[in-house]
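Novice: Could you have a look at this structure, given as structure tokens, before my questions?
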Amino acid sequence: MKDFVNIRGLYFNRNGRTVFSDIELNIPRGKITAIMGPSGCGKTTLLRLIGGQLKPERGNIHVDGKLINKLSRAQLYELRRKMGILFQSGALFTNLSVFENVAFPLREHTELPDFMIRDIVLMKLQSVGLRGAKNLMPSQLSGGMARRVALARAIALDPELIMYDEPFTGLDPIALGVIVKLISDLNKALGITTILVSHDVEEVLTIADYIYVIASGKIIGHGTPEKLHIDKEPEVQQFLQGLPDGVVPFHYPAIDYNQDLMH
Amino acid sequence: MLILEKLRLLGQFGLQLLMSFGRSGIFLVHLLIRKPRFKKSFPLLIEQLYFIGVLSLIIIILSGLFIGLVVGLQGYNTLNKFGASQQLGQLVALSVVRELGPVVTALLFAGRAGSALTAEIGLMKSTEQLASMEMMGVDPLWRVISPRFWGGFISMPILMIIFSVVAVWGGYLVGVVWLGVDSGTFWSAMQSAVNFHDDIVNGIIKSIVFGSVVTWIAVFQGYDTVPTAQGIGRATTRTVVYSSLAILGLDFVLTAVMMGGW
């Protein structure tokens, strides 16, 4: 099968608000596919739907050929072993050291002896440049380091799909460059199918093979970075150029300003 | 219109309450009905027995001692008015083993271990640790919740027995060592009055029920919390309030059943 993830006719509501309305997208194997859009447009929700943590109202989400919203609990957990996710916060286990955090999925899913687990953990930490930090606790790490450890943990079981949730947010320029390079290198070296959720236009355009732009619950544009640059859709251009006002208004809907002041 | 709005809010509250009961019931079923993995579960259980049980020992022992001292003092003064101070051992033992031991231990357990469990699980949820575990294909119900639940279930009766022993010793200190009740009379009155099945076993059964309910409430409130600072604070408060009410309510029901000739 060509696509690792295939979404058709996806509808999702939360607290009476429509988050997604008739979304259709494909995530091809071995490529970096970016999901972009303004804050609050549901990018993280889409990752949770793909991971089976949320269920859609309507529509089908196929992951590795399996209809994820119809799987049993056991089947879902089995499928998740093929996935890795990097949360925005890193989501490291605060009671475990860096080493034990990376070893966690190996200890849970394999019966490997300790010396082999140690070697694998050191290899993964070496790939993110943090082998020397193996004995530190998560509270001793900077934001960028925590995200790199979380990345090492996410690739510990050599997943076929890795999802990054806002991996560039809140990083200094050096840490940002390191994460961009790691995402690109991991995709190229291991051929991992990558879903990159972000609103950082510059970084995404440099590494993504294909981009979907989501706003107001719909896909407003998609294509290669080159194609998106010349897209005529005003919403897409407003987002890519970072214009404060346009089709997506600067002001949250409200009654007339003068009328509100005089009230 | 105002009455209709109030009725709507009342209905909404009722529905939310029922949904919460439903979710907690499903949660308990998922927690209890699962394939055991003894090899991997055992170290996690031992760790939780330490955090929930061993670390509660100091508060349990100190509270037991003070309760025993007070019951001994109050009991002696009251019994002495009727010239029955030699029955002090009986009074202390029955009060502690039947009621004070299970109830006070459970209330202290809810305040110390229950609130800590809720806050810990709630914080794990708000920092996405539970979500990341799920996405790694590891069920948090098995890895995080189950060891804590069984840790509480096992710890509670043991803590209750320790509490009761220390409380009886506290009563002995006041009655025999301080106020001069005869030591032999104190112990023999206790021995003849306390029935193993009716008093000790029933006390242990009470503590097992309280332990299960308090730990269930604590882990569920943590797991079901709204993942914000305010949400965790409210969930922790709910754990202590709901657990305390459940303990006192269930104590009445269990006592009524046990006295009814169970």
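The values are calculated or read from the model by the stated rules, or taken from the named source; none is laboratory data. Treat the numbers as computed from the prediction; the structure is a model and nothing was measured. Using ideal geometry, Cβ is built from the backbone for each residue, glycine included, and neighbour counts are taken over all protein chains shown. Remember, those area values only see protein heavy atoms, side chains included, never the ligands or the DNA or RNA. Shrake-Rupley method; radii C 1.70, N 1.55, O 1.52, S 1.80 Å.
Novice: Among (1) more than 14 Å from chain B (Cβ to nearest Cβ); (2) free of Cβ contacts under 8 Å to residues at least 12 places away in the same chain, there is one condition residue A:130 misses while meeting the rest; what is its number?
Specialist: (2)
Novice: Looking at residue B:148, is it assigned to a helix (DSSP H, G or I) and surrounded by fewer than 19 Cβ atoms within 10 Å (Cβ to Cβ)?
Specialist: For residue B:148, the condition - assigned to a helix (DSSP H, G or I) and surrounded by fewer than 19 Cβ atoms within 10 Å (Cβ to Cβ) - is not met.
Novice: Which of the residues belonging to the range A:50-65 are surrounded by 17 or more Cβ atoms within 10 Å (Cβ to Cβ) and within 14 Å of chain B (Cβ to nearest Cβ)?
Specialist: A:50, A:51, A:52, A:63, A:64
Novice: Starting from the range A:169-185, take each residue that is closer than 20 Å to residue A:31 by Cα and list its partners that are among the β-branched types (Val, Ile, Thr), counting only C-beta distances under 8 angstrom and pairs at least six apart or across chains.
Specialist: These pairs meet every condition: A:180/A:206; A:180/A:207; A:182/A:128; A:183/A:32; A:183/A:194; A:183/A:207; A:184/A:32; A:184/A:207.
Novice: Do you know which of the residues in the range A:89-106 that are of a type outside the set (A, V, I, L, M, F, W, C) and more than 8 Å from chain B (Cβ to nearest Cβ) is surrounded by the most Cβ atoms within 10 Å (Cβ to Cβ)?
Specialist: A:101
Novice: Looking at B:141, B:179, B:159, B:173, which one is touching a residue at least 24 places away in the same chain (Cβ under 8 Å) and within 14 Å of chain A (Cβ to nearest Cβ)?
Specialist: B:141
Novice: Looking at the range A:197-212, is at least one residue within 25 Å of residue A:104 (Cα to Cα), touching a Phe, Trp or Tyr at 6+ places or on another chain (Cβ under 9 Å), at pLDDT 85 or above and not β-branched (Val, Ile, Thr)?
Specialist: Looking through the range A:197-212, none of the residues is within 25 Å of residue A:104 (Cα to Cα), touching a Phe, Trp or Tyr at 6+ places or on another chain (Cβ under 9 Å), at pLDDT 85 or above and not β-branched (Val, Ile, Thr).
Novice: A further question on this structure: Mind listing just one residue for me: the one in the range B:99-135 that is among the β-branched types (Val, Ile, Thr) and within 14 Å of another protein chain (Cβ to nearest Cβ) and, of those, farthest from residue B:220 (Cα to Cα)?
Specialist: Among those that are among the β-branched types (Val, Ile, Thr) and within 14 Å of another protein chain (Cβ to nearest Cβ), it is B:127.
Novice: Among (1) open to solvent by 40 Å² or more (accessible area, probe 1.4 Å); (2) out of contact with any strand residue (DSSP E or B) (no Cβ under 8 Å at 6 or more places or on another chain); (3) facing another protein chain (nearest Cβ under 9 Å), there is one condition residue A:76 misses while meeting the rest; what is its number?
Specialist: Unmet for residue A:76, out of (1) open to solvent by 40 Å² or more (accessible area, probe 1.4 Å); (2) out of contact with any strand residue (DSSP E or B) (no Cβ under 8 Å at 6 or more places or on another chain); (3) facing another protein chain (nearest Cβ under 9 Å): (1).
Novice: Are any residues in the range A:32-86 basic (Lys, Arg), farther than 19 Å from residue A:21 by Cβ and either touching a Phe, Trp or Tyr at 6+ places or on another chain (Cβ under 6 Å) or not in a strand (DSSP E or B) (or both), and if so, which ones?
Specialist: Within the range A:32-86, A:70, A:73, A:80, A:81, A:82 qualify.
Novice: Would you check if there is a residue in the range B:221-232 being in contact with a Pro (Cβ under 8 Å, 6 or more places away or on another chain), closer than 30 Å to residue B:28 by Cα and of a type in the set (A, V, I, L, M, F, W, C)?
Specialist: So far as the range B:221-232 goes, no, none of its residues is in contact with a Pro (Cβ under 8 Å, 6 or more places away or on another chain), closer than 30 Å to residue B:28 by Cα and of a type in the set (A, V, I, L, M, F, W, C).
Novice: Please give the number of the condition residue A:136 fails out of (1) open to solvent by 20 Å² or more (accessible area, probe 1.4 Å); (2) within 14 Å of chain B (Cβ to nearest Cβ).
Specialist: Here residue A:136 clears every test but (2).
Novice: Name every residue in the range A:221-263 that is in contact (Cβ under 8 Å) with a residue 24 or more places away in the chain and either in contact with a helix residue (DSSP H, G or I) (Cβ under 6 Å, 6 or more places away or on another chain) or of a type in the set (A, V, I, L, M) (or both), in order of residue number.
Specialist: A:240, A:248
Novice: Looking at the range A:227-248, can you tell me whether even one residue there is closer than 23 Å to residue A:14 by Cα, crowded, with 17+ Cβ neighbours inside 10 Å and among the hydrophobic types (A, V, I, L, M, F, W, C)?
Specialist: Of the residues in the range A:227-248, the ones closer than 23 Å to residue A:14 by Cα are A:248.
Now drop any that are not crowded, with 17+ Cβ neighbours inside 10 Å, which leaves A:248.
Cutting the leftovers down to among the hydrophobic types (A, V, I, L, M, F, W, C) gives us A:248.
Looking through the range A:227-248, at least one residue is closer than 23 Å to residue A:14 by Cα, crowded, with 17+ Cβ neighbours inside 10 Å and among the hydrophobic types (A, V, I, L, M, F, W, C).
Novice: Hey, any hits in the range B:77-90 for a residue that's open to solvent by less than 10 Å² (accessible area, probe 1.4 Å), part of a helix (DSSP H, G or I) and more than 14 Å from every other protein chain (Cβ to nearest Cβ)?
Specialist: yes
Novice: Of all residues being among the hydroxyl-bearing types (Ser, Thr, Tyr) and open to solvent by 60 Å² or more (accessible area, probe 1.4 Å) in the range B:189-231, which is farthest from the chain's Cα centre (by Cα)? Just the residue, please.
Specialist: B:192
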